[in-house]
Amino acid sequence: MEKIEKFGRLIPDEHLFITVVFLTMVFPFDGLSYILGLFTKMKTKTYLIATILGLIPFSFVFSYLGTLSIAYQIAGFLLATLILIISILRMSKIKNKNKN
C-alpha cells in the first residue's frame, strides 16, 4: 500500500486537466485511465475532454505520417521529440517556480 500511495503523490492536484492532456499524449494506453481513476478525483466529463484533446493530434499524425516519404517521417519524429523536450522543460520550470 505504501508503494501505491507513493505513486499517487506523483500526480499533481493542481493543473490536473493539462496534466491529463499531456500524459495522454505521452502515454496513450488504457493503464493511464486506471491510474487516474485510482489516484485522482477528476470528473468524468473533464477526463473525457482531456483524453480527446490528448489523443486527437497523435491519431491524426500516426494516420497520415505513414503515407509520407521517409524524409517527412524523420522530420515529423524530430519535431515531436523537440516538442516533448520543450514541454518537459517548461513543466519542470513551472514546478520549480511553484516550489519557491
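The values are calculated or read from the model by the stated rules, or taken from the named source; none is laboratory data. These figures come from a predicted structure and were not determined experimentally. Cβ sites come from the backbone with ideal geometry, for glycine too, and all protein chains shown count toward neighbours.
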Of the residues in the stretch 57-93, those that are modelled with pLDDT of 80 or more, surrounded by 11 or more Cβ atoms within 10 Å (Cβ to Cβ) and closer than 14 Å to PHE22 by Cβ number 6
Residue in the stretch 16-49 that is surrounded by the most Cβ atoms within 10 Å (Cβ to Cβ), counting only those that are farther than 24 Å from ILE94 by Cβ and at pLDDT 75 or above: LEU48
Contacts under 6 angstrom Cβ, first residue in the stretch 75-97 being more than 15 Å from VAL26 (Cα to Cα) and outside the structural domain of THR24 (by TED's automatic domain parsing), partner of a type outside the set (S, T, N, Q) and surrounded by 12 or more Cβ atoms within 10 Å (Cβ to Cβ), 6 or more apart: GLY76/LEU65
